[in-house]
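Read the structure below first, then the notes.
The values are calculated or read from the model by the stated rules, or taken from the named source; none is laboratory data. All of these numbers come straight from a predicted model, not from anything done at the bench. Glycine also receives a Cβ, built like all others from the backbone with ideal geometry; neighbour counts cover every protein chain displayed. What goes into the accessible areas is simple: the full protein's heavy atoms, side chains included, and nothing from ligands, DNA or RNA. Shrake-Rupley method; radii C 1.70, N 1.55, O 1.52, S 1.80 Å.
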Amino acid sequence: MLPWLLETLRKFPEIAVMLTLLLGFAVGKLRIKGFTLGTVTGVLLVGILIGSWHIDIPGETKSIFFLFFLFCTGYGIGPQFFAGLKKDGLPIALFSFIVCCSSLLMCWGISSLLHLETGTTAGLMSGANTCSAIIGVASNTINELKLSDDEKNTLINQIPVAYAVTYIFGTAGTSWFLSVVGPWFMSGSREKLIAETRELEAKVTDPAAEGEENITNAYDHVAFRAYLVSTELTGSNGRSVGEIEQIFHEKKRGLYILRVRNEGKVKEADRDYIVKPGDIIAVGGQRSAAIATESLLGKEVADAELLNFPVQTVSVIISNKAAWNKPLRSFMKHPEFHGISMRKLTRSGIEMPINGGTVLRKGDVVELVGIQEELQKAVNVLGYKESGGMETDIIYLSLGIVIGTLVGSLSVSIGNVPVELSTSGGALIAGLFFGWLRGAYPRFGYIPPASQWVLTKLGLHIFIAIVGLTASEGFLQGLKTEGLTLFLAGVVLSLSPMVLALFLSKYVFKFHPAIGLGACAGAHDESAPLLAVQDAINSKVPALGYTVAYAVANITLTTSGVIIVLLMHHG
């Protein structure tokens, strides 16, 4: 059985790649006492194991998948990357850039001190910073060096060894550090940070200073209910819908009257319609607001006909300039938002806290829910409704990769050193630009989130699988000779930039502690520390500092894969 399997895998290497993905994902997702290897490391290690059977994989194959990964990575973070270069996002962008540059310089210093080779240094930089893209970018750069094929292969095969040794602490160690040490450093204790975060949440949520209502958070579900109104709500002579809704707003309840049953007949309710005692009203808004206002609304009744109206949920890309940099509370009294609730806000795939003070950014995606005929009015205020569907704009995707790789293949000389973006760097930059372009002009270039996920995940993991399959021969020897040294170097390189990040956040940039911790997680190019911090303080506020820092770190660290190879080779 085993000889047949080995012969089959050698004859059909595509089966070996798929088997590596299958077993690698299974191993990477195993959870032991809350700890997982992660799918990238799982696929790499399984690939190295299967690659020990001497399976020949064409090297060019992995480059194609890596281009998909890089372009879609840039496409997803493009709007936030360019937003971070503007005035309001510049402090966090600059913060992230400084932290990433410090990591690059420290990696160069550690490697020079320990006399590590170029490939090992690139793998150290990749694993300690949990930036898998460095593996591909550094490999492509090594391939451009004036070395023999054997020398290139030796250096490239060193990369996954260092990555595998340093990645686990790069993820788990920094998650622990930012969630345990971070709150102590920023505020003195976790409890004090929680209190400070609650104060910030109250500040951005409480609209008393502006006389505006609160938006309840995203965990409250939108509800539509029917109530037999009481005299307390309408008075003995009745009140207009507008007057009743003003009462709701004064009580900080985001509720709207959508329809009325009067004398047995269902009628549409404009703001001037007079609601009288004994009428039944259909109320829409946040479920928590309806529950909190029940004593005023009256007795809830089951009226299927009154509540029988079409309700839709739509996702809107924030593309209208008038909506940029505006807090959510500014839309709640907008006449075009009558009967509309906000359910979810995402930025670069990260869910943001929905508070009155949360500011909308260009390229954000807001999920709105409301009656069908009213939704389009709100959509027009914010931007462009996502077309939805499953079809990817293949022309846009391919055009971006072609342009990016052509630009990346161009070479210029600085002194005697030839420098080029490389095709991988070009694909990433093209993804950034085409992602930004899609955010500015969302009528074309649609790549559904599901497609982005598949192209990003599959592109990276197939690339890593092939790296593991082709790097197996020298892995165990490299691990044996440099394993402990690499691990300790990885600990230093993972934590030192985070120590600097905490110092800069608190004393130089003076971010709010919770937002600062989110920025620190973003500067590490990893969502695991963000989730750990959010869990530690039970708040989504750190996400406000994460997205711009992550976008800048992703580009800076990926580019460092080129720089670190050139520094080590020509240094």
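Observations on the structure shown:
- Using bins of 10 Å that start at zero, the share of Cα-Cα pairs per bin across the stretch 103-178 amounts to 21, 50, 25, 4, 1, in whole %.
- For the chain, with +1 on Lys and Arg beta carbons and -1 on Asp and Glu, the positive-most of A532, I257, G170 along the dipole: I257
- R0 of 41 Å, Cβ-Cβ distance R443-M18: FRET efficiency to nearest 0.05: 0.65
- Principal-axis analysis of the Cα atoms of the chain puts helix 2-11 at an angle of about 90° to the longest axis.
- Tensor-based shape of the stretch 93-147 (alpha-carbon gyration tensor, a/c under 1.5 rounded, otherwise prolate or oblate): oblate
- Computed from point charges on the beta carbon alone (+1 for Lys and Arg, -1 for Asp and Glu), the dipole magnitude for the stretch 444-571 about its Cα centre is near 280 Debye.
- Computed over the alpha-carbon pairs of the stretch 419-549, the distance histogram in 5 Å steps reads 2, 8, 10, 13, 15, 17, 17, 11, 6, 2, 0, 0 percent, short to long.
- Stretch in the chain that is longest and holds no chymotrypsin sites (Phe, Trp or Tyr not before Pro) that DSSP places in a loop and that have at most 13 other beta carbons within 10 Å: 220-443
- Both radii are taken from the alpha-carbon atoms of the stretch 356-410; with Rh as the Kirkwood radius, Rg/Rh is 1.17.
- Think of each Lys and Arg Cβ as +1 and each Asp and Glu Cβ as -1; about the Cα centre, that makes the dipole of the chain roughly 620 debye.
- Angstrom value of the Kirkwood radius, inverse mean 1/r, which spans all Cα pairs in the stretch 1-40: 11.4
- You can think of it this way: the chain between V359 and W53 has 104.7 nm of extra reach, that is 0.36 nm per residue less the Cα-Cα gap.
- Taking the protein heavy atoms of the chain in the context of the full set of protein chains, the accessible area attributed to carbon and sulfur is 61 percent at 1.4 Å.
- With the simple model of a label 7 Å out from the Cα in the direction of the Cβ, E243 to S330 spans 3.3 nm.
- In this structure, the residue pairs whose Cα-Cα separation is over 23 Å, taken from K321/K540; K192/K326; K362/K385; K321/K344; K362/K540, are K321/K540; K192/K326.
- Overall, the ratio between the Cα radius of gyration of the chain and 2.2 N^0.38 Å, rounded to two decimals, is 1.12.
- Angle in degrees between helix 513-523 and the longest Cα principal axis of the chain, rounded to the nearest 10: 40
- Cα pair distances exceeding 22 angstrom across the stretch 44-184, given as percent: 51
- The amide H of L37, built 1.01 Å from its N in the peptide plane, has L30 as neighbours under 5 Å, considering only residues 5 or more places off or on other chains.
- From the Kirkwood radius over Cα pairs of the stretch 1-118, Stokes-Einstein at 25 °C and 0.890 mPa s returns a whole-number translational diffusion coefficient of 134 µm²/s.
- Computed E for I403/W453 - FRET, C-beta separation, R0 25 angstrom, nearest 0.05: 0.60
- With only Cα atoms counted, the stretch 295-396 has Rg and Dmax values of 15.8, 57 Å.
- For L360, the residues whose amide H sits under 5 Å from its own are N325, K326, L328, ignoring neighbours fewer than 5 places away on the same chain, with H placed 1.01 Å from N.
- For the set E374, E7, solvent exposure ranked by accessible area (probe 1.4 Å, protein chains only) runs largest to smallest as E7, E374.
- Helical runs assigned H by DSSP (4 residues or longer) give the chain a calculated mean residue ellipticity at 222 nm of -19500 deg cm²/dmol, each run adding -39500 (n - 2.57) before division by the residue total.
- Gyration tensor (alpha-carbon) shape descriptor, the stretch 66-109, a/c threshold 1.5: oblate
- Within the assembled protein chains, the solvent-accessible surface assigned to T120 is about 10 Å², based on a 1.4 Å probe.
- The lysines within cross-link reach of K152, meaning a Cα-to-Cα straight distance under 17 Å and a gap of 8 or more places when in the same chain, are K62.
- Mean Cα-pair separation over length for the chain, i.e. relative contact order, pairs under 8 Å, 6 or more apart, %: 27
- 1.4 Å probe accessible area per residue over the chain, in Å²: 44
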